[in-house]
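Here is the structure we will look at.
The values are calculated or read from the model by the stated rules, or taken from the named source; none is laboratory data. Nothing here was measured: the structure is a model prediction, and the numbers come from that model. Glycine also receives a Cβ, built like all others from the backbone with ideal geometry; neighbour counts cover every protein chain displayed. Heads up: the accessible areas ignore ligands, DNA and RNA and are worked out on the full protein's heavy atoms, side chains in. Shrake-Rupley method; radii C 1.70, N 1.55, O 1.52, S 1.80 Å.
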Amino acid sequence: MVAAIMFYILATVLVGSAVMVVFSKNPVHSVLFLILAFFNAAGLFVLLGAEFVAMILVIVYVGAVAVMFLFVVMMLDINFTELRKGVQDYLPIGLLIGFILLVEMAVIAGGWSLTDGIATTITTPTPIASEVHNTEAIGRILYTDNIFLFQLGGLILLVAMIGAIVLTHRQRPGVKKQNIGDQVRRRRDDAYEAVNVKPGQGYKGKI
């Protein structure tokens, strides 16, 4: 009874905070609601008996990712008024993409069927909880049963990271840049010059 009450409380707060992440006008408040959503999700994992996943969720997402979002949002001087001006221009395209995704999800849900190997996998008995710890069970699932999907997920994150770097990279004129090739090919004769300066005369060469 207590577990059911805690589930409904955590689930309600989680859904409410997730909605506020999207609809909050202040980005700092959005990040704070995101942190609240992570905490409630960790509580749900604790109720499921997955203490390791709950700990990782709090340490990684709340302690690193969400805090990084918060500091980035607070440090960047973003003019949100200028950003909102272009929303109306991209709204039809966004609605079209959202409609396409909704149709695809409806098609997948309507045509869902179990393949030959899925039914056997679902009915396979799980290890006894007293014999296998949560960490060992997660490691067995990630690095043994679904190793290719795990590597594919890492590749997708790598592509997303490279895309974010490319999108945020700015070309600024008049800025001196480091040329690694010229530095590697540089020789002593290119940087060193022996000059015999006579007494009473200055050096008129290029420094």
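Observations on the structure shown:
- Residue tally, condition in a helix (DSSP H, G or I) and under 21 Å from residue 54 (Cβ atoms), over the range 129-165: 12
- Residue in the range 64-77 that is at pLDDT below 80 and not in a helix (DSSP H, G or I) present: yes
- Of all residues in the range 17-30, those that are outside any helix (DSSP H, G or I) have Cβ atoms under 7 Å from Cβ atoms of residues that are open to solvent by less than 40 Å² (accessible area, probe 1.4 Å) and among the polar types (S, T, N, Q), 6 or more apart or on another chain, in 24/30.
- If the condition is being charged (D, E, K, R) and either open to solvent by less than 100 Å² (accessible area, probe 1.4 Å) or closer than 18 Å to residue 65 by Cα (or both), then the range 155-187 contributes only 182.
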